[in-house]
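Structure record follows, encoded as structure tokens.
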């Protein structure tokens, strides 16, 4: 498979230990921050909630529970803009300054596959690597799973949150990986880390050596190594078919943060109410890795880090390649938020395609972005679907490499929305 080589820009934060950010003054909990049906809000305005209490339950076959990360009072339940821009039901909770002990479940003693999946569902765990797919569904695949891959690639520039949790919480992550292996009945698990993370490799290898049938594989640094299909082919030699899913080749892939959350849910009974993210970028004087409550407004993260937004900047939630620009700093972080980046704004001029083929060479899924964009320009959306547009992972390689500055990834996202 193909891909591109990007500057990492990780040196600002990859040696910074994780800091616990104080509990926020308020949180915005979006009922739709995962793939599938929105969670069903079960609280109302003026309700008092405990830290760790469920405020929204699974709202369909593919959904997750949502818990309050602070004890406080519900001050609003209404349709608000998500970070991506679309409206969704949102619970706003204010911290009233009361006791903040977490309302945990009992530690799980009977580690059957069914009990592990139920605990994951109860704890509101979803994929923390960006996609946000409900983890309890991923742990109940329709086909036999032989291999579980732990995705520790973290291939996007600037982001080091996964790297730091692998350095600091390796035993817990590998413990969570072992529970995943039990849940799907897999024969083996493989920890996958890029070769630019020596400390993480050392820590995770030491943790893996304590377990049976868990090994570590070091991968060459290339973007987007963390793409599920690319990772599966690199590690197992198997290729997920067009339109297929990893379970079609007997593999399931999970993020490091997801494994950590699963371990804490099983062993400590802790729901998913916080995550580690990276604060970095050229406009950030001092980068940090922060453990932050879900729903914390970006403004509070910037205030804690003594960052004043003045002048022009581009505020990105996630990574620079697959993240998205955010205009409102009062937006709350989600379970899938891996980073907050402050970048210098860049103006690009779009020129006609010169048919150089660089986008075709770069595409990790082996699509033909030049052809797809030609179809897009004339509104041939059905033809785009026939040319496997649905397989596009929106990694941004084609747009990054394009000498004509054509926003290929943006065009393909728009086409997918039209087709749907």
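The values are calculated or read from the model by the stated rules, or taken from the named source; none is laboratory data. Just so it is clear, the model here is predicted, and its values are computed rather than measured. When we count neighbours, we look across all protein chains shown, and the Cβ atoms used for this are built from the backbone with ideal geometry, even at glycine.
Quick look at the values:
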quantity	calculated
Residue 300 surrounded by fewer than 24 Cβ atoms within 10 Å (Cβ to Cβ), closer than 27 Å to residue 14 by Cβ, modelled with pLDDT under 95 and out of contact with any helix residue (DSSP H, G or I) (no Cβ under 7 Å at 6 or more places or on another chain)	no
Residues of the stretch 359-385 classified as out of contact with any helix residue (DSSP H, G or I) (no Cβ under 9 Å at 6 or more places or on another chain) and either assigned to a helix (DSSP H, G or I) or closer than 23 Å to residue 4 by Cα (or both), total	1
Count - residues of the stretch 176-196 that are under 21 Å from residue 266 (Cβ atoms) and either within 19 Å of the chain's Cα centre (by Cα) or part of a helix (DSSP H, G or I) (or both)	10
Options 137, 145: the member that is over 30 Å from residue 20 (Cβ atoms), outside any helix (DSSP H, G or I) and in contact (Cβ under 8 Å) with a residue 12 or more places away in the chain	145
Residue that is buried (at least 17 other Cβ atoms within 10 Å of the Cβ), out of contact with any strand residue (DSSP E or B) (no Cβ under 9 Å at 6 or more places or on another chain) and assigned to a loop (DSSP other than H, G, I, E, B), where the choices are 322, 334	322
Tally of residues being in a loop (DSSP other than H, G, I, E, B) and at pLDDT 90 or above across the stretch 83-104	5
Breaking point among (1) closer than 19 Å to residue 128 by Cβ; (2) in contact with a helix residue (DSSP H, G or I) (Cβ under 8 Å, 6 or more places away or on another chain), for residue 291	(2)
Residue in the stretch 338-358 that is in a helix (DSSP H, G or I) and either surrounded by 17 or more Cβ atoms within 10 Å (Cβ to Cβ) or under 20 Å from the mean Cα position of the chain (by Cα) (or both) present	yes
Those residues of the stretch 365-379 which are on the phi < 0 side of the Ramachandran plot and modelled with pLDDT of 95 or more, in sequence order	367, 368, 369, 370, 371, 372, 373, 374, 375, 376, 377, 378
Strands (runs of 3 or more DSSP E) enclosed by the stretch 197-305 - at least 1 residues per element that are assigned by TED's automatic domain parsing to the domain that holds residue 338	274-280, 288-293
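For (1) farther than 20 Å from residue 33 by Cβ; (2) in contact (Cβ under 8 Å) with a residue 60 or more places away in the chain; (3) assigned by TED's automatic domain parsing to the domain that holds residue 188; (4) outside any helix (DSSP H, G or I), each residue gets a yes or a no:
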{"residue": "117", "(1), (2), (3), (4)": "yes, yes, yes, no"}
{"residue": "120", "(1), (2), (3), (4)": "no, yes, yes, no"}
{"residue": "171", "(1), (2), (3), (4)": "yes, no, yes, no"}
{"residue": "174", "(1), (2), (3), (4)": "yes, yes, yes, no"}
